[in-house]
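Okay, structure first, notes after.
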Amino acid sequence: MSERNNTTMQPLLSVENLTKRYQRGHFESSSKPVLALDSVSFSIGVGSTLALVGESGSGKSTLALCIACLERPSSGKICFEGREIAGLADQEQRPIRPHLQLVFQDPAAALNPGWSVGEIVAEPLAVQGHVLRRDQKALAIAALEQVGISAELASRKPGELSGGQRQRVAIARALVLKPELLILDEVLSALDCSVQAQVANLLLELQRSLGLSYLFITHDFAMAAHVGDEIAVLHRGRLVEHGSVSQILLGPQNEATRSLLATTPRMTWAPAASRNL
């Protein structure tokens with residue numbers, strides 16, 4: 001994927017000074033709130049990918065939940081297509097949520113084991129209530145085929161599929177609502193290396209064909225470089241570095257970034273002009 005310049009147009013998503021505090025439990029020794037996110041700011045352009053890299057506990061999943069309108073930030077702004085959405089009431093957020101879909105790390109935990117694959121993918125359409133029941137199955141099959149799952153597998157249960165196939169089903173369930181932004185929270189980390197590459201390339205193909213934007217959350221700099229147009233580094237709730245893939249990989253300025261890069265095995269990367277993804 002080439003590094004693109006999206007500065008000439010309004011960003012699809014803009015996050016400004018986002019802060020999230022969690023109150024400690026009643027029996028905790030300290031009543032001081034836990035600061036999960038501390039004044040985080042960034043933007044994502046139309047059709048581009050921001051790869052958000054950070055170690056476990058850095059606040060990545062909290063950020064994902066806030067952007068998906070599943071958690072309320074303590075302060076700050078989240079603007080989607082120019083509209084501030086963080087402060088909206090639940091009923092006002094409801095029609096916005098389909099446009100920002102969150103895909104979780106573990107598809108086995110995210111997919112109802114008692115439902116068929118077709119039922120799982122069609123469920124968001126039923127919940128939204130805008131599509132006739134007779135059309136939901138056809139749209140679910142179309143979404144499955146977009147991610148490389150044949151219609152014959154729609155009657156299977158998730159437990160009958162491989163880990164890579166289950167993650168594709170989870171992506172199809174997000175795609176069936178035709179979102180503009182996918183928030184991908186460690187979606188490759190539970191997969192084998194060869195399957196990781198297949199799913200990563202699928203994401204790139206979907207982005208090209210559908211014009212999707214991604215917030216690609218990972219702890220793996222190699223995958224961040226493969227998928228992302230820009231990389232941002234989150235450390236202890238703060239965004240400590242943000243720039244193009246080449247800027248971050250070739251000239252990291254922050255110690256947290258250098259430390260994460262040093263722990264990435266077999267880290268290889270070529271400038272965008274020489275890559276053919």
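Of the residues that sit in region 134-158 and are without any contact (Cβ under 8 Å) to a residue 40 or more places away in the chain and outside any helix (DSSP H, G or I), which one is surrounded by the most Cβ atoms within 10 Å (Cβ to Cβ)?
Looking at the filtered set, the residue picked out is I149.
Between a first residue in region 91-106 that is surrounded by fewer than 19 Cβ atoms within 10 Å (Cβ to Cβ) and a second residue that is of a type in the set (V, I, T), which pairs have beta carbons less than 6 Å apart while being 6 or more apart in sequence or on different chains?
Matching pairs, first to second residue: I96/I85.
Would it be correct to say that L111 is over 18 Å from I217 (Cβ atoms), touching a residue at least 24 places away in the same chain (Cβ under 8 Å) and under 18 Å from the mean Cα position of the chain (by Cα)? Steps first, answer last, please.
Working: over 18 Å from I217 (Cβ atoms): yes; touching a residue at least 24 places away in the same chain (Cβ under 8 Å): yes; under 18 Å from the mean Cα position of the chain (by Cα): yes.
Answer is yes for this residue.
Condition first: among the small types (G, A, S) and surrounded by fewer than 18 Cβ atoms within 10 Å (Cβ to Cβ). Now tell me which residues in region 201-221 satisfy that. I'd like the intermediate steps shown before the answer.
Taking region 201-221 first, the residues among the small types (G, A, S) are 209, 211, 213.
Correct list: S209, G211.
In region 213-222, what residues are touching a helix residue (DSSP H, G or I) at 6+ places or on another chain (Cβ under 6 Å) and not hydroxyl-bearing (S, T, Y)?
F216, I217, F221 - these are the residues of region 213-222 that are touching a helix residue (DSSP H, G or I) at 6+ places or on another chain (Cβ under 6 Å) and not hydroxyl-bearing (S, T, Y).
Given the criterion in a helix (DSSP H, G or I), at pLDDT 90 or above and within 15 Å of the chain's Cα centre (by Cα), identify the matching residue among L202, L188.
Only one candidate passes the filter, namely L202.
Which helices (runs of 4 or more DSSP H) does region 42-123 wholly contain that include 3 or more residues that are modelled with pLDDT of 95 or more?
On the way: elements: 60-67, 90-93, 107-110.
The helices (runs of 4 or more DSSP H) meeting that bar are 60-67.
One residue is enough: does region 128-136 have a residue meeting the conditions in contact with a Phe, Trp or Tyr (Cβ under 9 Å, 6 or more places away or on another chain) and not aromatic (F, W, Y)?
Looking through region 128-136, none of the residues is in contact with a Phe, Trp or Tyr (Cβ under 9 Å, 6 or more places away or on another chain) and not aromatic (F, W, Y).
Being more than 17 Å from K178 (Cα to Cα) and not polar (S, T, N, Q) is the requirement here; does V46 meet it?
No.
Among the numbered criteria (1) under 23 Å from I96 (Cα atoms); (2) in contact (Cβ under 8 Å) with a residue 24 or more places away in the chain, which single criterion is violated by G129?
All conditions are met except number (2).
The values are calculated or read from the model by the stated rules, or taken from the named source; none is laboratory data. In this text, all values refer to a predicted model and were calculated from it rather than measured experimentally. Positions of Cβ are generated from backbone atoms using ideal geometry, with glycine treated the same way; all protein chains shown enter the neighbour counts.
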